[in-house]
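The values are calculated or read from the model by the stated rules, or taken from the named source; none is laboratory data. Given the structure is predicted, the values throughout are model-derived calculations rather than measurements. Areas reflect the complete protein model, heavy atoms only, side chains present, ligands, DNA and RNA absent. Shrake-Rupley method; radii C 1.70, N 1.55, O 1.52, S 1.80 Å.
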Amino acid sequence: MRVVVDLSRCQGYAQCAFLAPDAFRMHGEEALMYASNPDDSQRQQVLRAAAACPLQAILVDQLEGRDAPVGTSPS
């Protein structure tokens, strides 16, 4: 799985860091740091974190093709 955060949209609400602390963390009060290729064992936490983002700034690309990427409509 690949994770991309649109840092120009991110406002530092930290919902992702709360729901998936191994993949997302706040650096200071406003800067988000994240794992661009989190371990597959974190899949559910990362998907929940992406869904919880109030600004939908997190895109998760599921490289295995099992699911459609979060934040996109199915074709």
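Could you please give the count of residues in segment 1-45 that are in a loop (DSSP other than H, G, I, E, B), of a type outside the set (Asp, Glu) and open to solvent by less than 80 Å² (accessible area, probe 1.4 Å)?
So the count comes out to 11.
Scan segment 46-75 for residues that are in a loop (DSSP other than H, G, I, E, B) and at pLDDT 95 or above and report the count.
Of the residues in that region, 5 qualify.
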